[in-house]
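S.K.: Quick one: the structure is below, and I'll ask about it shortly.
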Amino acid sequence: MPCTRLALAPLALLAMFAAPPSPASACMNEVERVVDVTNQAIRTAEELLARNNYRGAAKVVLGTFPKVLVADHQTRRQALFHRGQRIVALAQIRSGGDIRIAGLPARTDADREVALAWAAATLRLHAARGDTSVVLTSELAEALAQRPAERHEAHALLKELADADIMPTARAWSVLAALEQQRGDTNAAARATARCKELAPDDASCDPKGVS
Amino acid sequence: MPRLAALALAFLSCGTGPNPPVPLDRPLEPAADPAQIARGQALLAELQCARCHDGDALTPPPRERHCVHCHQSILAGVAAVGGDFAAPPAELARWQRDITHLRELPELRGLGRLRRSFVAAFLLSPHDLRPGLNTSMPRLHLDEPSAQALAAALVPDAEPAPHEPAGDPTRGRDLLGEHGCTNCHAFTGVATITARPLAHPPDPATMLRASQQAPDLRFTRDRLRPAALHTWLADPAALKPGTLMPDPDLRQDEIRDLATYLLTTPLEPLPPPVPPVMLPLLDREVGFAEVDAAIFHKTCWHCHSDPSYASGDGGPGNTGGLGFTGASLDLSSHAAISSGSRGPDGKRRSVLAPLPDGTPRIVAHLLARHAELTGATPELRGMPLGLTPVPLADIQLLATWIAQGRKP
């Protein structure tokens, strides 16, 4: 009996290969890692960003999603497109608006301001879409922290994460430290800096003066 | 003429008249309520039982979503032929080495042999039925009425009255050894039975699968309807087509003796559940990479993944599935793990922070899985859900990493 079943199994599977691709399950990310160049590219961009290679990160994303500036662009890999947008937005923020992208000016201080505003608006849009990822919240706070009018909101967002003990990265602690410093709460700033240094002992950006 | 001969034989072999059947200490189960059956059928789809089980009442999802079909096809090497799942041989070989769970599962066929009350209780509080299988039925998000409804859908028919006379349990015990039953079956709670080699053993691969699928016979009296037990021993495939239990080729009197032993022999009680004991924290520095390789990426990440990289599906433990709405817990990176989960109040909370007793929440879930396998039903659901517990030495790594400040 079992023999018949074993013999039939590969046939059934072959039939499945012919079926059109449908939404992947959790494990499929591993399967795709090998064959899916979009996944690979976005992961690469993420790594470049983590190593502070802002230009490199933006370049890889633009190579994959040339329409990264179009807020509601629809693609087959929507989630990865959004991820790419977030990477480019962070690259702008961390480089002080210095990344040149066709469609965004980038020569004068005013141009940089436009790029930073785009980055903050983009992250805000993702948060408004209902993406509840804590990492996104911290990224949005990082963008808002650069904009004096919105620092208050940045502080509130990060404070909530810190109080719930769900601060996702050392960088988020360093942004909070800088915000506390600006508000004049040196104790809170020192605590945030200490946590940043605990998480990333070698990272100079934990020093609140390192963040503007 | 043959009928007369049979009658004569029956009279000859039972001089004092046939024994009554083994008495039931409960009423027979009536047919299930049609409304409950309908609700149960809807739940079978809602709770995605078909992502793990094949079965008569189940429509399998595409392989990309089927935990067992996908693993089996990768193990069979079919993925190498191309299509969406093409992988270089080295990668495929690594997958084949890594996939140890959800390769082999009981099919939900011929379930009319089971007691409906057993199915309902088992779904609510699953325990390990098959010692050879490293995966258990997961504790799903179910309340009592839903479990009853599922049981009604899986076992809709009334229970037939047992009519086979009781046999000789002592002889039944000997037959378990003589027929080699315990080559495949564990029988905890009775004195060890030494099995004779099987007269016609299946090929080694089938034998391995059969010994993984063979239930511990301790539970049979709770699981099977007694009338079905007789049919099963006479011809297992008649009740469950495709079953891995070979036809045992038994005489009627042997079946009675075996069934009587299985239903009536006194059982040693199971040892009481033991709370797992944590190993002390390590003295050395433990980095995230080590914990990630030993726990998160090895096991957890397959159900708690980053949805951006998996076409929106972050797995049952993150974006939901298998009837869970998902705890919004992504265990695929340091930043994600630090981001915590969504609690029942809808607010995010840390999984690394301690519970009131001082144990970090995530560690408590890992210990709960150890407790589940000793028969307990801890309040926190054991993780990894339904799979082999994380070894205590790896939990020690995780706890040490958390205590040392959970650095990236």
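S.K.: What's the ranking of A:66-79, B:338-351 by average number of surrounding C-beta atoms within 10 Å, highest first? Walk me through the intermediate numbers first.
M.R.: On the way: A:66-79: 13.5, B:338-351: 17.4.
Top of the packing list down: B:338-351, A:66-79.
S.K.: So how tilted is helix B:89-98 from the main axis of chain B? Cα-based, degrees 0 to 90, rounded to 10.
M.R.: Computed tilt is about 70 degrees.
S.K.: With a 1.4 Å probe, what is the total accessible area buried between chains A and B, in Å² rounded to the nearest 100?
M.R.: Details: alone 12490 and 21390 Å², together 29760 Å².
Adding both sides of the contact gives about 4100 Å².
S.K.: Taking every pair of Cα atoms in the range A:134-212, average 1/r, invert it to obtain the Kirkwood radius, and report Rg/Rh to two decimals.
M.R.: 0.92
S.K.: Using a Debye calculation, one point per C-alpha and no hydration shell, please list log10 I(q)/I(0) for the range B:258-349 at q = 0.11, 0.13, 0.18, 0.23 Å⁻¹ in order.
M.R.: These q points yield log10 I(q)/I(0) values of -0.54, -0.64, -0.88, -1.15.
S.K.: Mind listing the Cα extents of the range B:32-154 along all three principal axes, in Å, largest one first?
M.R.: Extents along the principal axes, in whole Å: 52, 30, 25.
S.K.: Still on this structure: Rounded to whole Å, give me the distance from the Cα center of the range B:261-315 to that of the range B:41-75.
M.R.: 23 Å
S.K.: Also, I was wondering about something else. What does the average come to when, for each residue of peptide B:329-341, you count the partner chain Cβ atoms lying within 10 Å of its Cβ?
M.R.: 5
S.K.: Decide, for the range B:76-218, between rounded, prolate and oblate: order the square roots of the alpha carbon gyration tensor eigenvalues as a ≥ b ≥ c, take rounded if a/c falls under 1.5, and otherwise choose prolate if a/b is larger than b/c, else oblate. Can you show the working numbers first?
M.R.: Working: a/c = 2.41, a/b = 1.29, b/c = 1.87.
Oblate is the answer for the range B:76-218, as a/c is 1.5 or above yet b/c matches or exceeds a/b.
S.K.: Could you work out the local net charge near B:Ala31, counting Lys and Arg as +1, Asp and Glu as -1, over the other residues with Cβ closer than 15 Å to its Cβ? Walk me through the numbers before you get to the answer.
M.R.: On the way: positive: B:Arg115, B:Arg116, B:Arg225; negative: B:Glu29, B:Asp33, B:Asp157, B:Glu159.
Counting the neighbours of B:Ala31, the net charge comes to -1.
S.K.: Place a +1 charge on the Cβ of each Lys and Arg in the range B:258-408 and a -1 charge on the Cβ of each Asp and Glu, then give the dipole magnitude about the Cα centre in debye, rounded to the nearest 20. If you can, show how the numbers build up before the last one.
M.R.: Values: 11 positive and 13 negative charges, 68 e Å.
With only Lys, Arg, Asp and Glu charged at Cβ, the dipole is about 320 debye.
S.K.: Continuing with this model, one more query. With θ set to phi - 60°, apply the Karplus curve 6.51 cos²θ - 1.76 cosθ + 1.60 along the range B:349-362 and write out the HN-Hα couplings as whole Hz, x wherever there is a Gly or Pro.
M.R.: So the J values, rounded to whole Hz, are 8, 6, 9, 9, 5, x, 6, x, 7, x, 7, x, 3, 5.
S.K.: Right, another one. Counting each pair of different Cα atoms once, what's the Kirkwood radius of chain B in Å, rounded to one decimal? Please report the intermediate quantities before stating the final value.
M.R.: On the way: mean 1/r = 0.0418 Å⁻¹.
Its Kirkwood hydrodynamic radius stands at 24.0 Å.
S.K.: Show me the three semi-axes of the equivalent ellipsoid for the range B:169-264, from the C-alpha gyration tensor (sqrt of 5 times each eigenvalue), largest first, rounded to whole Å.
M.R.: Details: eigenvalues 68, 50, 36 Å².
They are 18, 16, 13 Å, listed largest first.
S.K.: Within 10 Å of each Cβ of A:132-138, how many other protein chain Cβ atoms are there on average?
M.R.: Details: counts 5, 9, 8, 7, 1, 2, 3.
The per-residue average across the peptide is 5.
S.K.: For the protein assembly as shown, report the accessible area per residue in Å² (1.4 Å probe, heavy atoms, rounded to an integer).
M.R.: Details: 29760 Å² over 620 residues.
So the protein assembly as shown comes to 48 Å² accessible per residue, rounded to a whole number.
S.K.: For chain B, what's the relative contact order in percent, using C-alpha pairs closer than 8 Å and at least 6 residues apart? The partial results should precede the final answer.
M.R.: Working: 623 pairs, mean separation 63.5, N = 408.
After rounding, I find 16 percent.
S.K.: Now for a different question. Would you kindly give the portion of the calculated P(r) for the range A:55-186 that falls above 24 Å, as a percent of all Cα pairs? Let's see the in-between values first.
M.R.: On the way: 2464 of 8646 pairs.
Beyond 24 Å sits 28 percent of the P(r) for the range A:55-186.
S.K.: Still on this model: Place a +1 charge on the Cβ of each Lys and Arg in the range A:52-99 and a -1 charge on the Cβ of each Asp and Glu, then give the dipole magnitude about the Cα centre in debye, rounded to the nearest 20. Before the final figure, lay out the partial values.
M.R.: Details: 8 positive and 2 negative charges, 36 e Å.
Magnitude of the dipole: close to 180 debye.
S.K.: Do any of A:Lys59/B:Lys298; A:Lys67/A:Lys197; A:Lys159/A:Lys197 go past 26 Å between their Cα atoms, and which?
M.R.: Where the Cα-Cα span goes over 26 Å, the pairs concerned are A:Lys59/B:Lys298; A:Lys67/A:Lys197.
S.K.: Rank these by accessible area, largest first, 1.4 Å probe: B:His297, B:His71, A:His152. Could the numbers behind the result be given before it?
M.R.: Numbers: B:His297 70, B:His71 35, A:His152 130 Å².
The ranking, largest first, comes out as A:His152, B:His297, B:His71.
S.K.: Calculate log10 I(q)/I(0) of the range B:325-380 for q = 0.13, 0.31 Å⁻¹, where I(q) comes from the Debye formula with a single equal point scatterer on each Cα and nothing for solvent.
M.R.: Evaluating at q = 0.13, 0.31 Å⁻¹ gives log10 I(q)/I(0) of -0.36, -1.20.
S.K.: If you don't mind, there's one more thing I want to ask. Binning at 10 Å from 0, report for the protein assembly as shown what percent of all alpha-carbon pair distances ends up in each bin.
M.R.: It works out to 3, 14, 21, 22, 16, 11, 7, 4, 2, 1, 0, 0, in whole percents.
S.K.: What's the carbon and sulfur percent of the protein assembly as shown's accessible surface, probe 1.4 angstrom, rounded to a whole number?
M.R.: Details: 17690 of 29760 Å².
Carbon-and-sulfur percentage of accessible area, whole number: 59.
S.K.: Around A:Leu62, with a cut-off of 11 angstrom between Cβ atoms, what is the net charge of the other residues, counting Lys and Arg +1 and Asp and Glu -1? Before the final figure, lay out each step's value.
M.R.: On the way: positive: A:Arg55, A:Lys59, A:Lys67, A:Arg100; negative: none.
Local net charge: +4.
The values are calculated or read from the model by the stated rules, or taken from the named source; none is laboratory data. Predicted model, so just to flag it, every value in this text is computed and none were measured. All Cβ positions, glycine included, derive from the backbone under ideal geometry; neighbour counts span all protein chains shown. Just so you know, the surface numbers come from the protein's heavy atoms only, side chains and all, with ligands and any DNA or RNA stripped out. Shrake-Rupley method; radii C 1.70, N 1.55, O 1.52, S 1.80 Å.
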